[in-house]
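Since the structure comes first, as structure tokens, the remarks are kept for the end.
Any read-out appearing in this document is the output of simple, stated calculations on the displayed coordinates, not a laboratory observation. Worth saying up front: this structure is predicted, and the values here are computed from it rather than measured. Note that each Cβ is placed from the backbone with ideal geometry, even for glycine, and that neighbours are counted across all protein chains shown.
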Amino acid sequence: MIKQSVILIGISLLVLIACSNKQPVIVQEELNEHAEESTELIEEEIDSGEEESDIQQFVEFTLIDRQISLHIDQIPIISNYLAQHRDRNQAINEMQLTQINEEGFESLFLLNFACQDNACSNLLLNTDTEQSKLLADQSDILAIQPSPDRSKLLITYQRPQSLQEWDLNRLMVFDLDSWSEVKLTSDNLTLTGFQTFQWPIFSAEWQDDENIQIEIPNVNQPDSESLTEWFESEEQELQFHILYLTTN
């Protein structure tokens, strides 16, 4: 019986040591004085109790009034991106971390990385819950609007078209509680593709917590011929539709 107790105590100590060595995924610290903005790779030696110490890597973003540290070993999308990049320091220096500038969203940040021609991959971060989510690749965020109840974000993306005179847009509704994207259904079932880059979307606004009104060119389908004809016309008539949030 005593032997079993000793074994259990030993196992418990190992678990405690392992837990104590595990670093937070995201850490936010407020700064007392305004600091110069910077981005830096930090390597921290962690004593794992083994012969060789464990080296853990962080990307540290210093903003004007706070410091955000990302444990990149625990964020696979960032870890993989840096592992494939020829110049890790350059890749880190080109990252941009911005806070979502909305009241009540002090813990939400967007990390832009892998940027090419003003189009980036976007990672949403929550410093309170230590959650991260890749939202999009190679696109530009035009606007972020919280829902009236502030439980969701409506994000409008833009992707330039080099051979056309218009840009294509994509809408995303992100549920902050479930930490996942919400599907949208149009009031006109023949019109689809608003959550992919198929339409030029001139406006998208919350009507209430479950409905979004959009403004798009008055064409039946967003093919190149129809959109070219619309953009070359003098009237450029618009159509308005309601998108419904669906949980299934």
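What does the charge dipole of the chain about its Cα centre add up to, to the nearest 20 debye, if the Cβ of each Lys and Arg holds +1 and the Cβ of each Asp and Glu holds -1? Mind dumping the intermediate values first?
Details: 11 positive and 46 negative charges, 197 e Å.
Charge dipole, the chain, about its Cα centre: 940 debye, nearest 20.
Considering the values [x] 197; [y] 140; [z] 121, which represents volume of the Cα convex hull per residue in Å³ as calculated for the structure under consideration?
Correct label is [x].
Using a Gaussian network model of the chain whose springs link C-alpha atoms within less than 10 Å, name the residue from Val25, Val219, Val173 with the highest mean-square fluctuation.
The residue that fluctuates most here is Val219.
Give the range of the longest stretch in the chain that excludes all GluC sites (Glu not before Pro) found in loop regions by DSSP and having at most 11 other beta-carbon atoms within 10 Å.
166-233
Would you mind getting me the FRET efficiency between Glu44 and Asp208? Use the beta-carbon distance for r and R0 = 51 Å, nearest 0.05.
The formula returns an efficiency of 0.60 here.
Tell me the relative contact order for the chain as a rounded percent, counting alpha carbon contacts under 8 Å between residues six or more apart.
In percent, rounded to a whole number, it is 10.
Springs between alpha-carbon pairs under 10 angstrom, Gaussian network model over the chain: which of Ala83, Ala119, Ala91 fluctuates most?
Ala83
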